């Protein structure tokens with residue numbers, strides 16, 4: 001994997017590990033990837049579509065952590081519906097070969113596109129976010 005992308009993936013993973021605990025979350029979800037054993041727990045404070053706090057705990061690989069880091073980064077300035085739209089963009093980016101108009105936020109995941117069995121790792125936090133209850 002290209003060294004530049006590797007550094008960007010590791011930086012995103014670090015962001016996920018720096019997630020702080022939420023005292024009184026309004027929503028919580030936990031999702032597992034049975035294929036590789038990755039697990040993501042999300043706690044959030046949501047008011048309607050507004051995300052005021054988000055906490056992510058990841059037990060998994062660096063790619064799973066990097067996907068969580070991307071979610072943390074996006075949630076800091078996006079609504080819940082915008083995060084859902086980013087989930088679709090991420091999925092489309094990983095599934096399709098088109099490299100035009102790629103959002104800067106997704107570029108670090110470029111090498112992962114060819115490794116189909118790792119897509120679930122990258123998207124697991126977004127799947128957990130979508131299932132917040």
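The values are calculated or read from the model by the stated rules, or taken from the named source; none is laboratory data. Predicted, not measured: the structure shown is a model, and the values here were computed from it. With ideal geometry, Cβ positions are generated from the backbone for all residues, glycine too; neighbour counts draw on all protein chains shown.
Looking at residue 62, is it at pLDDT below 95 and either on the phi > 0 side of the Ramachandran plot or in contact with a helix residue (DSSP H, G or I) (Cβ under 6 Å, 6 or more places away or on another chain) (or both)?
Working: at pLDDT below 95: yes; either on the phi > 0 side of the Ramachandran plot or in contact with a helix residue (DSSP H, G or I) (Cβ under 6 Å, 6 or more places away or on another chain) (or both): yes.
When the stated conditions are applied, residue 62 passes them.
Quick one: would you say residue 93 is under 18 Å from residue 15 (Cα atoms) and part of a helix (DSSP H, G or I)?
no
Suppose we filter segment 71-85 for residues that are assigned to a loop (DSSP other than H, G, I, E, B) and either touching a residue at least 60 places away in the same chain (Cβ under 8 Å) or under 18 Å from residue 12 (Cα atoms) (or both); how many remain?
From segment 71-85, those assigned to a loop (DSSP other than H, G, I, E, B) are 76-79; that's our starting set.
With either touching a residue at least 60 places away in the same chain (Cβ under 8 Å) or under 18 Å from residue 12 (Cα atoms) (or both) added as a condition, the list becomes 76-78.
Count: 3.
Number of residues in segment 92-110 that are at pLDDT 90 or above, surrounded by 13 or more Cβ atoms within 10 Å (Cβ to Cβ) and more than 11 Å from residue 67 (Cβ to Cβ): the value is 4.
Of the residues making up segment 49-58, those that are more than 17 Å from residue 124 (Cβ to Cβ) and either touching a helix residue (DSSP H, G or I) at 6+ places or on another chain (Cβ under 6 Å) or free of Cβ contacts under 8 Å to residues at least 12 places away in the same chain (or both) number 3.
Okay, residues lined up against (1) surrounded by fewer than 16 Cβ atoms within 10 Å (Cβ to Cβ); (2) touching a residue at least 12 places away in the same chain (Cβ under 8 Å):
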| position | (1), (2) |
| --- | --- |
| 6 | yes, no |
| 12 | no, yes |
| 16 | no, yes |
| 21 | yes, yes |
| 30 | yes, yes |
| 42 | no, yes |
| 61 | no, yes |
| 69 | no, yes |
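Among the numbered conditions (1) touching a helix residue (DSSP H, G or I) at 6+ places or on another chain (Cβ under 9 Å); (2) under 17 Å from residue 115 (Cα atoms), the only one that residue 92 does not meet is (1).
Please find, among 88, 120, the residue that is within 13 Å of the chain's Cα centre (by Cα), free of Cβ contacts under 8 Å to residues at least 12 places away in the same chain, part of a helix (DSSP H, G or I) and farther than 20 Å from residue 7 by Cβ.
Selected residue: 88, the only one of 88, 120 that is within 13 Å of the chain's Cα centre (by Cα), free of Cβ contacts under 8 Å to residues at least 12 places away in the same chain, part of a helix (DSSP H, G or I) and farther than 20 Å from residue 7 by Cβ.
Within segment 14-27, is there a residue that is touching a strand residue (DSSP E or B) at 6+ places or on another chain (Cβ under 9 Å) and assigned to a strand (DSSP E or B)? Yes: segment 14-27 contains one or more residues that are touching a strand residue (DSSP E or B) at 6+ places or on another chain (Cβ under 9 Å) and assigned to a strand (DSSP E or B). With respect to (1) assigned to a loop (DSSP other than H, G, I, E, B); (2) free of Cβ contacts under 8 Å to residues at least 40 places away in the same chain; (3) under 19 Å from residue 124 (Cα atoms), the lone exception for residue 102 is condition (3).
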